[in-house]
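Chemist: Provided herewith is a single structure, encoded as C-alpha cells, for subsequent inquiry.
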Amino acid sequence: MGKVKKSPWVLHYDGSSCNGCDIEVLACLTPVYDAERFGIINTGDPLQADIFLITGGINTQNKDVVTQLYDQMPRPKVVVAVGTCACTGGIFKDCYNILGGADTTIPVDIYVPGCAARPQAIIDGLVQAIALFQKRSDEHDEYERAHKGEKRNKNGQVS
C-alpha cells in the first residue's frame, strides 16, 4: 500500500439500499474486520472527507443530495460504489424512480459488486481507494509545487 501521508476520511452515504450493504460496511469497522487498521477514519462531514463510499442506487429524491455531498468534498477525492445497487441499480434498476447506479450522478472510481457486498470485498475496495487517493494526493502536491516554483529532486528534497 505504500506510505500514506494522512489518514483518509471516509464519508458513508446510504442512497436507497435495502441496508444489506450498510450492515456490511459497518461490520468492516468492527474489531472483527477492523478496516481502521489501514488508517481510514469514518466521518459524517463531507468537508473533511477524502473517500465517498456510497451504497444503494440513485433515485430521483437523493440525486441532488449525492451531487451536493460530492461537490462539498475537497479535492483530491475518490468515490467507491459498494453493492450491486450502487454499481448498476441492481434489482431495483427497472423501478420508476431509480435512475441507476452512483455513476449516473457522480464519477465513480472503484466498484465493489455484491448483494450484499462482503466485508472482505469492501475492505479490498477501500484499500484500492486509499492507494488511488494517495496517488491523486501526490499528483496534487506536485502540481501545487510546480505552480509555486518549488521543485523536488529524486530524493524528495526541495531544490
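The values are calculated or read from the model by the stated rules, or taken from the named source; none is laboratory data. Predicted model only: the values in this text are computed from it and were never measured. Cβ placement follows ideal geometry from the backbone for every residue including glycine, while neighbour counts extend to all protein chains displayed.
Chemist: State yes or no: is ILE54 touching a Phe, Trp or Tyr at 6+ places or on another chain (Cβ under 7 Å), crowded, with 22+ Cβ neighbours inside 10 Å, under 15 Å from CYS18 (Cβ atoms) and among the β-branched types (Val, Ile, Thr)?
Modeler: Spelling it out, ILE54 is indeed touching a Phe, Trp or Tyr at 6+ places or on another chain (Cβ under 7 Å), crowded, with 22+ Cβ neighbours inside 10 Å, under 15 Å from CYS18 (Cβ atoms) and among the β-branched types (Val, Ile, Thr).
Chemist: If you scan the range 48-61, which residues turn out to be part of a loop (DSSP other than H, G, I, E, B) and under 12 Å from the mean Cα position of the chain (by Cα)?
Modeler: Within the range 48-61, ALA49, ASP50 meet the criteria.
Chemist: Hey, ASP45 hits all of (1) modelled with pLDDT of 90 or more; (2) outside any loop (DSSP other than H, G, I, E, B); (3) charged (D, E, K, R) but one; which does it fall short on?
Modeler: Only one criterion in (1) modelled with pLDDT of 90 or more; (2) outside any loop (DSSP other than H, G, I, E, B); (3) charged (D, E, K, R) is unmet by ASP45, namely (2).
Chemist: When the residues of the range 23-42 are filtered to those that are within 12 Å of SER7 (Cα to Cα) and assigned to a loop (DSSP other than H, G, I, E, B), which remaining residue is modelled with the lowest pLDDT?
Modeler: Across the range 23-42, the extreme among qualifying residues is GLY39.
Chemist: Take the residues of the range 78-109 that are among the charged types (D, E, K, R) and farther than 19 Å from ILE122 by Cα: which is nearest to the chain's Cα centre (by Cα)?
Modeler: In this case the residue turns out to be LYS93.
Chemist: Could you check, for the range 6-16, whether at least one of its residues is of a type in the set (Lys, Arg) and either more than 18 Å from ILE123 (Cβ to Cβ) or assigned to a loop (DSSP other than H, G, I, E, B) (or both)?
Modeler: Within the range 6-16, one or more residues are of a type in the set (Lys, Arg) and either more than 18 Å from ILE123 (Cβ to Cβ) or assigned to a loop (DSSP other than H, G, I, E, B) (or both).
Chemist: Within the range 124-145, restricting attention to residues that are surrounded by fewer than 20 Cβ atoms within 10 Å (Cβ to Cβ) and among the aliphatic types (A, V, I, L, M), which residue is farthest from ALA86 (Cα to Cα)?
Modeler: ALA131
Chemist: Just for helices (runs of 4 or more DSSP H) wholly inside the range 62-155: which have at least 3 residues that are of a type in the set (A, V, I, L, M) and on the phi < 0 side of the Ramachandran plot?
Modeler: Per the criteria, 63-72, 119-148.
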